[in-house]
Every structure is written in structure tokens, then in C-alpha cells.
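These notes are about the structure you will find just below.
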Amino acid sequence: MDSYEFADTVKQEVLGVILKEQLLKEYIVGTENAFLELYKDMFDIPDGMSVTLLIMREKGAEYSEFAYLKNIISETTDEDKLLLCTVFSDMLIVVASVPETVIIPGLEKMQRRGRIDGTITAAYSGGKSLKELPEIYTHLVKCLDYCFYTKSGSTFINGDAMGPAEERVIEPDCGAVERALRCGDLSKVHYLIFELFRNIERSRPEPIIARTYCMELFVCVIRCCESERIGKYMKGLTLLQEMKTLFEIKEYIIGTADEIVEGNSLPGNKNYSKLTRDTLDIIEKNISNENLTLSWIAGNVLYTNVDYLGKVFKRETGKNFSAYVMEKRMEIAKVLIMGDKKDKIYEVAEKVGYGSNSQYFSQVFKKYTGFSPVVYKEISKISRSG
């Protein structure tokens with residue numbers, strides 16, 4: 001055989017390999033039966049052949065990286081058993097007439113040794129006929145997205161073992177999350193966040209949609225911190241976009257929520273939770289109301305549990321409710337008694353919430369200042385005249 005004949009033979013062989021791959025690939029990704037029939041006729045492929053379909057994906061991979069993957073597949077599979085090993089989009093599609101138990105263990109071993117990059121995800125399905133390949137291919141592409149719902153970003157997924165996603169309503173209850181965060185109710189915050197993520201995991205929407213729900217929840221969480229810290233937490237939006245798994249996103253959002261609750265609840269921190277701010281506002285507006293009690297505020301204004309309200313208020317202000325209100329009333333009373341207005345003691349008592357019980361007011365005032373209201377008034381007069 002001269003050089004021309006040899007070159008022509010090699011050319012024919014190369015074209016045959018290319019045609020063989022092209023026909024099977026076109027059938028798998030395009031579902032045209034004509035390609036399968038032509039493929040079987042040209043290359044004498046039996047109808048009952050059982051094959052394994054494997055798809056490997058690496059986001060943003062260069063062709064050279066796929067070439068390396070193809071070499072690995074060739075190392076783990078007999079050449080005559082490898083029907084297809086080709087790049088399509090950002091995936092490497094492999095069809096081999098061997099069981100998955102032959103291909104997958106070798107790939108997993110190479111991954112453990114670090115020969116396969118940790119960003120690669122693979123989905124496989126074995127024991128299939130050639131006719132089933134288009135349907136299996138579509139299923140496996142969806143399986144590749146499932147890695148978003150695992151704890152690691154790289155995994156080998158058995159498409160045959162993938163259960164169906166559940167139909168669930170996914171709707172972040174941002175109002176409830178914000179109320180719980182501002183009240184410092186960390187257990188309720190955790191419950192609401194975990195409930196949302198459970199629904200996402202069970203319904204398994206497209207990762208981009210799942211991220212949208214997570215972004216909405218994260219924005220709702222960071223709205224509950226003081227304004228000067230929001231800039232710090234806004235950077236988290238970029239981090240969430242870069243995270244590979246839902247598990248990472250969940251851990252980050254929970255950690256941020258914990259940090260915000262802790263920051264809002266530090267003793268002496270005037271950036272009170274919304275529950276405490278509302279309570280302080282109600283006290284301010286109702287200081288003359290003799291029915292101003294913790295039970296009244298909890299049951300008639302804020303509609304919350306009185307014991308819980310008392311605990312949050314004391315934790316954030318450092319004082320229990322009755323002591324805080326008493327001090328507030330006494331400080332207002334001191335201003336009224338020292339003022340230029342000629343308020344009588346019983347009038348001052350009414351203005352600070354003691355109603356007509358001026359005697360009790362006088363007792364409380366003396367205990368608080370060391371002087372009765374009458375003596376305190378005289379002392380203030382002397383101080384002003386001096």
C-alpha cells in the first residue's frame with residue numbers, strides 16, 4: 001500500500017469514527033429516529049444492545065479540559081465498548097456498551113485522588129436501550145442540576161434512583177421572618193427559614209429560581225439590622241450568587257440571621273428590636289394612662305404573648321417593664337413640678353398615670369427622689385431664685 005492509499009484509508013477511518021459519533025449524538029440530543037436507524041445500519045449495531053449513558057458537566061470548562069476527561073473515560077472503558085464520547089455544549093456525553101458498575105467506580109476513584117476536578121458533576125443511567133437514549137438524556141440533564149441540592153458541589157448521581165420532585169408552593173413569608181427577627185425570636189426565625197428551604201429541596205425548582213427565593217429571603221433578613229450595618233450585609237448578595245449548593249446558601253442566611261439578632265439584642269444597644277421600639281413608643285404616648293401595663297400592651301395593642309414581651313423588653317432595655325414605666329413617670333413628674341406652670345400635685349399625678357390617687361403618687365415620688373412632691377417643689381423654687 002503506497003502512501004496515498006494509506007492516507008486515504010486513514011481518512012476513511014477517521015471520517016467513519018466522526019460519522020459514527022455524529023449520528024448517535026444527533027439522535028440523542030435531537031431525537032430524530034432516522035439518525036438512529038442510519039447509525040445501526042451503517043455500523044451493524046444490534047437492536048437489543050444495552051448501554052450506559054453518562055453525562056459529565058463542568059461549568060465554563062475549556063475544550064482542553066474536556067479532552068482530558070475523554071482520556072480518562074478511554075482509560076476506564078474498552079475502546080470497542082465505547083460507542084460515543086463527545087462534547088456537547090458544556091457537557092461530555094458518553095455512551096458505552098458496559099454496565100455503569102464498570103465506568104463509575106473508576107471515575108469516583110480518580111476523583112478521590114484529585115485527578116478529576118471538584119467542579120465536575122456527573123449523572124448516569126445504565127441498562128438502557130439505544131431507543132431510550134433521548135428520553136434518558138433529558139432526564140440526566142435535569143439530574144445534573146440536582147447537585148445544587150446536595151452538600152457538595154461535585155457528585156455522581158444515579159439517574160435511575162432520582163425520585164420525582166414534589167409539587168409545593170414556595171413563598172418566603174418575609175413578613176413573619178421580619179417580625180420574628182425584630183422581636184429577637186431566634187427559634188421562630190430558624191423555623192421559618194428551615195421551612196422555606198425544606199419546600200425548595202422537595203420541589204427542586206431550577207437552581208436560578210431557587211436562588212431567587214433565597215435572595216428574597218436574605219434581603220428580608222438584612223432589613224432587620226441597623227442601617228449602618230446594611231452595607232456590610234449587602235455584600236452577601238454577591239456571595240450567594242457564587243455559592244454552588246443550596247446547603248451553603250442556607251447556612252449563610254441562618255448565620256446572618258443569628259448575627260443580626262445577637263447584634264440587636266446586646267445590653268445597652270439602642271438599636272432595639274421592632275417589638276421593643278413599638279413598646280417604648282406606646283409607653284411614650286400613653287404615659288398618662290393609669291391602665292398602662294404590660295398585659296394591656298401585649299393583649300390590646302401588639303397582640304403578642306405577655307411573658308415573651310416582658311423577656312424581650314428586659315433583655316434589650318436592661319429593666320423590667322414596671323420599673324421602666326415608673327422611672328419614666330417620675331422623671332416627667334420632676335419636670336412638671338419644677339416647671340413654671342402652677343400644676344397642683346394631684347394634676348401632676350394625673351398627667352403621669354396615677355389618676356386621682358395622688359397619695360400613692362406622692363409615696364412613689366418620695367421613694368424615687370428622697371423628697372415629697374411638695375418639698376421637691378419648694379427646693380426647686382429656691383434653686384431658681386438663687
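The values are calculated or read from the model by the stated rules, or taken from the named source; none is laboratory data. Computed from a prediction, not measured in an experiment: that's the story for all the values here. Here the Cβ positions follow ideal geometry from the backbone for every residue, glycine too, while neighbour counts run over all protein chains shown. Heads up: the accessible areas ignore ligands, DNA and RNA and are worked out on the full protein's heavy atoms, side chains in. Shrake-Rupley method; radii C 1.70, N 1.55, O 1.52, S 1.80 Å.
Points worth noting:
- Only one of the numbered conditions (1) part of a helix (DSSP H, G or I); (2) open to solvent by 20 Å² or more (accessible area, probe 1.4 Å); (3) under 30 Å from CYS85 (Cβ atoms); (4) touching a Ser or Thr at 6+ places or on another chain (Cβ under 9 Å) is violated by LYS142, and that is (4).
- Note on the range 101-139: residues that are assigned to a helix (DSSP H, G or I) and modelled with pLDDT of 85 or more amount to 10.
- Count of residues meeting criterion [of a type outside the set (A, V, I, L, M) and under 11 Å from the mean Cα position of the chain (by Cα)] in the range 202-212: 2
- Residues of the range 207-250 classified as open to solvent by 40 Å² or more (accessible area, probe 1.4 Å), modelled with pLDDT of 85 or more and among the polar types (S, T, N, Q), total: 3
- Scanning the range 258-287 for residues that are at pLDDT below 90 and hydrophobic (A, V, I, L, M, F, W, C), we see that the one that is farthest from the chain's Cα centre (by Cα) is LEU280.
- The residues of the range 367-381 that are open to solvent by 70 Å² or more (accessible area, probe 1.4 Å), touching a helix residue (DSSP H, G or I) at 6+ places or on another chain (Cβ under 8 Å) and closer than 26 Å to THR293 by Cβ amount to a single one, TYR368.
- Put simply, of ARG204, ARG198 the only residue that is touching a residue at least 12 places away in the same chain (Cβ under 8 Å) and open to solvent by 10 Å² or more (accessible area, probe 1.4 Å) is ARG204.
- Within the range 172-186, the set of residues being open to solvent by 20 Å² or more (accessible area, probe 1.4 Å), under 21 Å from ASP278 (Cα atoms) and free of Cβ contacts under 8 Å to residues at least 40 places away in the same chain comprises just one member, GLY175.
- Some residue of the range 342-364 being farther than 30 Å from GLY184 by Cα, touching a residue at least 40 places away in the same chain (Cβ under 8 Å) and not in a loop (DSSP other than H, G, I, E, B): yes
- GLU316 being open to solvent by less than 30 Å² (accessible area, probe 1.4 Å), within 30 Å of CYS224 (Cβ to Cβ) and out of contact with any Leu (no Cβ under 8 Å at 6 or more places or on another chain): yes
- Pick from the range 319-335, criterion aliphatic (A, V, I, L, M) and open to solvent by 40 Å² or more (accessible area, probe 1.4 Å), ranking: nearest to SER380 (Cα to Cα): VAL335
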